[in-house]
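The values are calculated or read from the model by the stated rules, or taken from the named source; none is laboratory data. As the structure is a prediction and not an experimental result, all values here were calculated from the model. Glycine gets a Cβ as well: all are built from the backbone with ideal geometry, and neighbour counts include every protein chain shown.
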């Protein structure tokens with residue numbers, strides 16, 4: 001069954017990336033995974049670990065650009081600068097905790113450090129916003145595990161399939 005194609009955006013949250021001091025490998029992994037699944041990546045930005053900037057860009061991607069899937073990478077750990085979950089919670093209208101709970105549970109089969117993720121997922125209008133880890137390997141593992149289910153969630157959100165449809 002071919003899943004629907006959605007308009008997507010990627011926000012890499014990294015002080016060093018925004019300053020041009022680090023290559024955005026995780027954002028590239030997200031881009032590759034989304035395109036391989038048939039989705040369209042229409043925006044990709046690298047921004048610093050700043051709660052206000054993150055929240056503003058999430059609102060812009062969801063509200064102004066109308067992107068249906070907004071994926072962030074980085075800023076979900078324990079560092080004082082890791083504020084992506086707080087910025088995301090400030091802009092979402094409804095939480096979707098099962099997405100990140102499932103990703104964490106799956107990731108725990110790979111590494112015990114998955115329990116340190118503070119990532120969140122939620123809905124803003126017709127957009128799903130998902131925080132992903134900052135590591136390219138963890139991003140790939142997370143999307144390989146969750147992208148089909150996340151796409152089904154978007155199908156339900158946008159009304160292209162009922163929520164009773166099962167894989």
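What to note about this one:
- The set of residues from segment 24-43 being surrounded by 18 or more Cβ atoms within 10 Å (Cβ to Cβ) and in contact with a strand residue (DSSP E or B) (Cβ under 6 Å, 6 or more places away or on another chain) comprises 24, 26, 27, 30, 34, 39, 41.
- Within segment 80-109, residues that are in contact (Cβ under 8 Å) with a residue 60 or more places away in the chain reach partners that are assigned to a helix (DSSP H, G or I) and surrounded by fewer than 21 Cβ atoms within 10 Å (Cβ to Cβ) with beta carbons closer than 8 Å, at six or more positions or on different chains, in the pairs 81/15.
- Residue under evaluation residue 85, criteria (1) touching a helix residue (DSSP H, G or I) at 6+ places or on another chain (Cβ under 7 Å); (2) under 13 Å from residue 122 (Cα atoms), criterion not met: (1)
- Check on residue 62, under 14 Å from the mean Cα position of the chain (by Cα), without any contact (Cβ under 8 Å) to a residue 40 or more places away in the chain and either within 22 Å of residue 93 (Cβ to Cβ) or part of a helix (DSSP H, G or I) (or both): no
- The residues on offer are 70, 161, and the sole one that is at pLDDT below 95 and in contact with a helix residue (DSSP H, G or I) (Cβ under 6 Å, 6 or more places away or on another chain) is 161.
- Residue within segment 21-42 that is in contact with a helix residue (DSSP H, G or I) (Cβ under 7 Å, 6 or more places away or on another chain), without any contact (Cβ under 8 Å) to a residue 60 or more places away in the chain and closer than 22 Å to residue 153 by Cβ present: yes
- Residue 45 more than 24 Å from residue 148 (Cβ to Cβ), in a strand (DSSP E or B) and free of Cβ contacts under 8 Å to residues at least 40 places away in the same chain: yes
- Output for segment 1-23, where each listed residue is surrounded by fewer than 21 Cβ atoms within 10 Å (Cβ to Cβ) and either under 21 Å from residue 66 (Cα atoms) or in contact with a strand residue (DSSP E or B) (Cβ under 8 Å, 6 or more places away or on another chain) (or both): 3, 4, 5, 7, 18
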